[in-house]
Amino acid sequence: MTRYELVAGLEVHCQLATKTKLFCGCATDGFGAAPNSRICPVCTAQPGSLPVLNGRAVELAFRAALALGLRLNRISVFARKNYFYPDLPKAYQISQYDRPYSEHGGLDITVGGAAKRIGITRIHMEEDAGKLLHEMGALKLDGSLVDLNRAGVPLIEIVSEPDVRSSDEAYAYLSALKEVIQYVDSSHCDMEKGEMRCDANVSVRPVGAEKFGTRAEIKNLNSFKNVKDAIDFEFRRQVALVESGGRVAQETRLWDAAKQETRSMRSKEDAHDYRYFPDPDLPPLVADAAFIARVKAELPELPAAKRARFTAQLGLSSYDADVLTGDRALADFFEKAAAAAPKGAVKTVANLMSTELLARLNAENKTAADAPFAPEHLGRLAELVAAGTLSSKGAKDVFARVWETGTDPRTLVAELGLAQVSDDGQVRDWVRQALAANAKAAADLKGGKEAAIGSLVGAVMKLSQGKANPALVRTFIKEAVQS
């Protein structure tokens with residue numbers, strides 16, 4: 001295996017976040033809807049029906065290309081890609097071929113601490129096909145039924161260069177790609193709904209060789225784990241085939257997640273097999289400078305830039321910045337919370353979000369946009385912790401109540417009497433009582449057994465009903481024992 005090198009390129013389809021299809025007014029919310037309930041004469045290719053391009057889809061497609069640094073072509077052309085499957089009503093797909101709207105960009109990834117750039121050959125727009133149903137629930141069908149709800153749904157296809165050299169790089173690339181596409185609102189990228197799918201073109205060659213091997217395409221991978229597992233299996237399969245004197249066939253393969261293997265589906269088509277030609281029903285797409293400038297001006301700050309700003313200006317660690325920018329809603333929530341907190345409490349805001357908030361969101365399968373309280377409440381909670389008004393345990397308790405009620409944490413601290421006690425006299429009095437009641441632990445600590453301080457701190461916290469400032473408690477215990 002070490003004598004061979006993996007070469008892979010990824011083709012990623014993302015459903016554009018429009019309300020209607022690419023060339024008609026049918027809704028795109030067909031996932032889970034009754035079969036064939038989101039169709040019309042255009043997307044089912046009835047005679048005499050004509051396509052009309054969705055302007056919002058074009059804007060979202062251009063957003064994605066700009067975010068990934070691709071060159072925009074002022075004039076692009078829609079073509080007919082001819083093939084004959086039952087889920088393709090027209091017997092051709094409207095796509096882009098030799099004149100796509102964007103070309104030549106790239107995406108930076110990090111794998112194992114090493115940075116690498118994966119080139120992007122092109123992004124083009126196209127319509128989706130329908131879906132074949134081979135069974136319905138427990139019913140096995142003698143043939144297949146077709147659901148055309150997805151037919152005509154707007155997609156962008158993001159085609160990478162063959163720069164991927166491991167399944168880990170593929171995973172990192174897809175993660176970074178999804179992050180960028182979601183940040184600019186081009187697609188929701190919900191893989192469970194088929195809004196992001198990946199085809200992997202995999203080949204092998206001897207280490208040091210320049211010529212590419214024959215590639216096999218693995219179609220319609222619907223999770224990052226499946227992409228990683230399928231690439232690993234296909235690498236092993238092709239190496240074993242070459243080593244045994246066989247030849248890799250240029251073919252399309254499917255991934256069987258249950259058996260953890262790929263299997264042959266059909267011979268792989270080349271471009272000439274599709275007989276591309278410009279669609280006579282659609283004029284060339286012309287993107288003028290004013291349109292491109294407007295789309296560019298509407299782009300938000302991208303994840304990489306946001307991470308750099310969080311570390312440089314807010315003093316967050318690289319780890320915290322990565323966690324908090326992994327999702328745009330989470331990053332926006334953090335910025336609003338941090339703005340409501342004192343400058344010195346920003347790290348506390350990050351800690352509360354990384355622990356308390358994310359734990360709640362993950363447990364309830366929500367995003368930060370679904371949080372049941374204002375981000376400013378988290379900033380005020382961090383302020384209470386940084387000021388010593390709340391202990392870490394008290395902060396957990398208050399956060400739970402804020403989550404349940406949406407009440408300002410300052411109000412809750414006052415109502416529940418949860419303010420941390422930092423009065424020297426009161427804390428020293430609790431320490432004296434705890435030492436008197438735990439003479440053995442005090443003697444052990446004086447004798448050099450540092451572990452004994454834990455039981456003494458616990459005793460003080462019990463006396464104070466959890467309100468004593470833990471830092472003061474430890475300081476005063478050590479002072480008292482030493483004297």
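Read-outs: derived from the displayed coordinates by stated rules, not from any lab. Note that this is a predicted model, so its numbers are computed, not measured. Here the Cβ is made from the backbone with ideal geometry for all residues, glycine too, and neighbour counts use every protein chain on show.
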Inset, instruction - Using the structure shown, list the pairs from LYS178/LYS211; LYS21/LYS225; LYS306/LYS366; LYS81/LYS131; LYS116/LYS306 with a Cα-Cα distance above 25 Å, or answer none. - result: LYS178/LYS211; LYS21/LYS225
Inset, instruction - Per DSSP H run of at least 4 residues, take -39500 (n - 2.57); add these up for the chain, divide by its residues and hand me the 222 nm value, nearest 500 deg cm²/dmol. - result: -11500 deg cm²/dmol
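Working out 0.36 nm times the residue gap between ALA114 and ARG3, then minus their Cα-Cα distance, what length gain in nm do you get to one decimal? Display every interim value, and only then the final one.
Details: separation 111, 0.36 × 111 = 39.96 nm, distance 2.19 nm.
Going from the current span to full extension adds 37.8 nm.
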Inset, instruction - Take the alpha carbon atoms of the stretch 351-419, find their center, do the same for the stretch 279-311, and report the distance between the two centers in whole angstrom. - result: 37 Å
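For Cα pairs less than 8 Å apart in space and 6+ apart in sequence, what is the mean separation divided by the residue count of the stretch 424-482, i.e. the relative contact order in percent?
42 percent
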Legend entry - Rg/Rh for the stretch 79-119, where both radii come from Cα atoms and Rh is the Kirkwood radius: 1.30
Legend entry - Options GLY315, HIS134, ALA257, ranked by Cα towards positive dipole end of the chain, top entry (Cβ charges): GLY315
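For the residues HIS104, HIS377, HIS13, what sequence is obtained by ranking on other C-beta atoms within 10 Å, fewest first? Numbers along the way, then the final one.
Values: HIS104 12, HIS377 23, HIS13 18.
So the residues, fewest neighbours to most, are HIS104, HIS13, HIS377.
Assuming 0.36 nm per residue, please report the length gained on full extension of the stretch ASP281 to ASN36 beyond their Cα-Cα distance.
Details: separation 245, 0.36 × 245 = 88.20 nm, distance 2.46 nm.
The ASP281-ASN36 span can extend by a further 85.7 nm.
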Inset, instruction - Could you tell me which of GLY245, TYR85, GLY48 has its Cα farthest along the dipole of the chain towards the positive end, charges placed at Cβ (Lys, Arg +1; Asp, Glu -1), taken about the Cα centre? - result: GLY245
Legend entry - Calculated Rg and Dmax of the stretch 424-482 using C-alpha coordinates, Å: 10.0, 29
Inset, instruction - Pairs of Cα atoms under 8 Å, at least six residues apart: use those to get the relative contact order of the chain, whole percent. - result: 13 percent
Legend entry - Of the GluC sites (Glu not before Pro) in the stretch 133-239, those whose Cβ has at most 11 other Cβ within 10 Å and which sit in DSSP loop: GLU210
Legend entry - Degrees separating the helix 392-405 axis from the principal Cα axis of the chain, which is the longest one: 50 degrees
Legend entry - Modelled FRET efficiency - R0 45 Å, LEU53 with ALA451, Cβ distances, 0.05 increments: 0.05
Inset, instruction - Once you have all Cα-Cα distances for the stretch 324-483, histogram them in 5 Å bins from zero and send the whole-percent values. - result: 2, 9, 17, 17, 14, 11, 10, 9, 6, 4, 1
Inset, instruction - Taking the Cα centre of the stretch 286-445 as origin, sum charge times position over the Cβ atoms of Lys and Arg (+1) and Asp and Glu (-1), and report the length of that vector in debye to the nearest 20. - result: 260 debye
Legend entry - Unit charges on C-beta of K, R, D, E only; dipole of the stretch 424-482, Debye: 100 debye
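For ALA312 and ARG266, calculate 0.36 nm times their separation in residues minus their Cα-Cα distance, and state this gained length in nm to one decimal. Before the final figure, lay out the partial values.
Details: separation 46, 0.36 × 46 = 16.56 nm, distance 5.19 nm.
Length gained, ALA312 through ARG266: 11.4 nm.
For the stretch 380-468, with only Lys/Arg (+1) and Asp/Glu (-1) charged at the beta-carbon, what is the dipole magnitude about the Cα centre, in debye rounded to 20? Please report the intermediate quantities before stating the final value.
Numbers: 12 positive and 10 negative charges, 63 e Å.
The calculation lands at about 300 debye.
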Inset, instruction - Using just the alpha carbons, could you tell me how many Å³ per residue the convex hull of the chain encloses? - result: 226 Å³
